[in-house]
Amino acid sequence: MADKKILIAEDDVIILKTMSQFLSSNGYAVETAVNGSEALNKYKSNPAQIVITDIDMPVMNGNELISHLSSVENPPVIFVTTIERSPELIIDIMKKGIYDYILKPVDMSDLLLKLARAFETSEMKHALDITRKEKVIRLENNLEWYKFEERLKNRDDKSMGANIFESLLTSFNQGAGFGALVTLMAVMESTAKKDGDDYKISGELFEMIRGNVSAAERALQTFGDMMKIVTEKHKAEKISLAALHDKVENKISGMAEMTSVKNHHLMLSDKKEFFGGLYAEININYFIQAVEEVILNAMKYSP
């Protein structure tokens, strides 16, 4: 449980030492502070999932500490230790938005039970935060695409070509592509857990970042090819439909491994005899690339 961190703020050094030693012996990574100011500084440099704080402390009291911790982007689960048993005072404490209270003298067995539930709550909050931020990223991506579609619908046909792809590439860099990566990095920065000289991030977040990096690389390559097509002059080659059919058939055969992922089946019509007498003037490489892209997208978005 070394990755389960607890920060204890308590000005009574005997209580502080007793709780710290007990929790450490039960596998938790424990940091201690004798006042709210010290606790806040330690939290900023090495955030803990759980904070246990007394209310009456010098320099910065527990109320001030709770206020500061509640305002951070991903606040910890907070416990308050108190000698007060008055229902009114306990209700007042709970109104501060804390998770639970711990009566002094501390029942260590009860504390362990409460901490186990608190860590479950912390993990659920973390998962919800990741999900919520992922939704924001998806909405941003969709918004950028809708903007591009709107520009495409309202375009002047004479300006079609390089301007469209340049605009799409700009949108990708600013929003739907690298914008998503920037947002993910912000999520990573706010949720990463410091572990010595290293930081730990959730596997789910790492996979999201890796997926967006791969998507960004593929999209940039695609946009680069599109820009070359619309901005440069390319020599068209004369090729018979029979030869073109063979090239497409070879491309489909080379994609057999990809079709097996979702058990897709690609079918190409038979080559007709008259294909040998018909010709097209095209750029063969770009044509085959376009065929591959169409097939990949069809497989990607098909059930």
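Just one of (1) at pLDDT 85 or above; (2) in contact with a Pro (Cβ under 9 Å, 6 or more places away or on another chain); (3) more than 27 Å from Asp3 (Cβ to Cβ) fails for Ala48. It is (3). When we screen His245, His264 for residues that are in contact with a helix residue (DSSP H, G or I) (Cβ under 9 Å, 6 or more places away or on another chain), buried (at least 16 other Cβ atoms within 10 Å of the Cβ) and modelled with pLDDT of 75 or more, the only hit is His245. Take Lys228 and tell me if it is at pLDDT 75 or above and either part of a loop (DSSP other than H, G, I, E, B) or of a type outside the set (A, V, I, L, M) (or both). It is false that Lys228 is at pLDDT 75 or above and either part of a loop (DSSP other than H, G, I, E, B) or of a type outside the set (A, V, I, L, M) (or both). Looking across region 280-303 at every residue that is of a type in the set (Asp, Glu) and closer than 17 Å to Thr259 by Cα, the one that is modelled with the highest pLDDT is identified as Glu292.
Here is a check on your reading of the model: is Thr32 touching a Lys or Arg at 6+ places or on another chain (Cβ under 9 Å) and more than 25 Å from Lys200 (Cα to Cα)? Let's see the steps before the verdict.
Numbers: touching a Lys or Arg at 6+ places or on another chain (Cβ under 9 Å): yes; more than 25 Å from Lys200 (Cα to Cα): no.
In short, no.
Taking Asp246, is it of a type in the set (D, E, K, R), assigned to a loop (DSSP other than H, G, I, E, B) and at negative phi? Judged against the criteria, Asp246 is not a match. Just wondering, is there one or more residues in region 71-83 that are of a type in the set (Asp, Glu) and either surrounded by 15 or more Cβ atoms within 10 Å (Cβ to Cβ) or modelled with pLDDT of 90 or more (or both)? For region 71-83, residues of a type in the set (Asp, Glu) and either surrounded by 15 or more Cβ atoms within 10 Å (Cβ to Cβ) or modelled with pLDDT of 90 or more (or both): absent. Only a single item in (1) over 36 Å from the mean Cα position of the chain (by Cα); (2) modelled with pLDDT under 85 is not met by Gly277, and it is number (2). Counting only helices (runs of 4 or more DSSP H) wholly contained in region 17-131, the ones carrying 2 or more residues that are within 22 Å of Lys194 (Cα to Cα), touching a residue at least 24 places away in the same chain (Cβ under 8 Å) and touching a helix residue (DSSP H, G or I) at 6+ places or on another chain (Cβ under 8 Å) occupy 36-45, 62-70. Going by the conditions given, is Glu88 exposed (fewer than 13 other Cβ atoms within 10 Å of the Cβ) and either acidic (Asp, Glu) or closer than 19 Å to Ile14 by Cβ (or both)? For Glu88, the condition - exposed (fewer than 13 other Cβ atoms within 10 Å of the Cβ) and either acidic (Asp, Glu) or closer than 19 Å to Ile14 by Cβ (or both) - is met.
The values are calculated or read from the model by the stated rules, or taken from the named source; none is laboratory data. Note that the structure is predicted; figures quoted are calculated from it, not measured. Every residue, glycine among them, receives a Cβ derived from its backbone with ideal geometry; neighbour counts consider all protein chains shown.
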